[in-house]
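The values are calculated or read from the model by the stated rules, or taken from the named source; none is laboratory data. Since the model is a prediction, treat every value here as computed from it, not as a measurement. Note: ideal-geometry Cβ built from the backbone for every residue, glycine included; neighbour counts use all protein chains shown.
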Amino acid sequence: MEGDLISVGVSSIRRHYFHHNSYNTSLHVLASFPTNDSTAYAQQGELIFAQTSWTPHHYHDLIYLNGFLAIDQFTSPARGPATASPLGLTGVAFAPVGLGRFGPPMGVRANDMAGGAIGYQWFFCDTRKQLIWEVGGAKETTGPTNNGSITTLLRYQAAHGQHKIFVADTFVGKQEARNVAVGGRLELRVKF
């Protein structure tokens, strides 16, 4: 049984200018409320999500710092086993890869957890090629185990022609009480 759900959200997105740089910030406060009993796909919870990014002076690159706080069991309106976590905007390590049930390197749920990501994105060849290096982590805020995890990821992305994008990811991650996980993937996206 999936269950019905009411979701609400409030966002603020701003650009700030300070000391030769412009900073982009966003703050999102989200909440989910099941209309009947809680189920695996309809639970009560809140998610506070903040993003900050800027371009270093005299460069075209991008630095970003994102964080979240999940209270109780926040449930996104897009639900189901093949649906990505609502934490996908935290960073590349949290984002889905779009390959069926193959999850992101930081496969965390938005249940009583805090975490974030810091990354640097280099642009080359008039932004047709880019390299992203990111470190992301998350830690449970309640519970007997208080487990945490950390992952570092490197992504190379290059446009070929007008409709193809080549993506190569590699990551190393560690969850408490588990072995180190190492992985990678190659993808060719064709867009029309």
### Residues within the stretch 34-50 that are at pLDDT 85 or above and either surrounded by fewer than 16 Cβ atoms within 10 Å (Cβ to Cβ) or polar (S, T, N, Q) (or both), tallied
4
### Summary
In the stretch 166-191, residues that are polar (S, T, N, Q) and either loosely packed, with under 10 Cβ neighbours inside 10 Å or not in a strand (DSSP E or B) (or both) total 1
### Message
Anything in the stretch 66-107 that is at pLDDT below 70 and among the hydrophobic types (A, V, I, L, M, F, W, C)? List them, or say none.
### Response
82, 84, 99, 102
### Matching residues in the stretch 122-151 - criterion: being in a loop (DSSP other than H, G, I, E, B), closer than 22 Å to residue 175 by Cα and in contact with a strand residue (DSSP E or B) (Cβ under 6 Å, 6 or more places away or on another chain)
141, 142, 146, 147
### Task
Looking only at the stretch 5-32, count how many residues are crowded, with 16+ Cβ neighbours inside 10 Å and either in a loop (DSSP other than H, G, I, E, B) or in contact with a Gly (Cβ under 9 Å, 6 or more places away or on another chain) (or both).
4
### Message
Need the failing condition index for residue 2 against (1) of a type outside the set (Ser, Thr, Tyr); (2) touching a residue at least 40 places away in the same chain (Cβ under 8 Å); (3) surrounded by 15 or more Cβ atoms within 10 Å (Cβ to Cβ), just the number.
### Response
(3)
### Query
If you take the residues in the stretch 51-65 that are at pLDDT 95 or above and of a type in the set (A, V, I, L, M), which one is nearest to residue 141 (Cα to Cα)?
65
### Query
What do you reckon, is residue 161 at pLDDT below 85 and of a type outside the set (Ser, Thr, Tyr)?
no
### Query
Of the residues that sit in the stretch 101-140 and are surrounded by 14 or more Cβ atoms within 10 Å (Cβ to Cβ) and of a type in the set (S, T, N, Q), which one is nearest to residue 56 (Cα to Cα)?
121
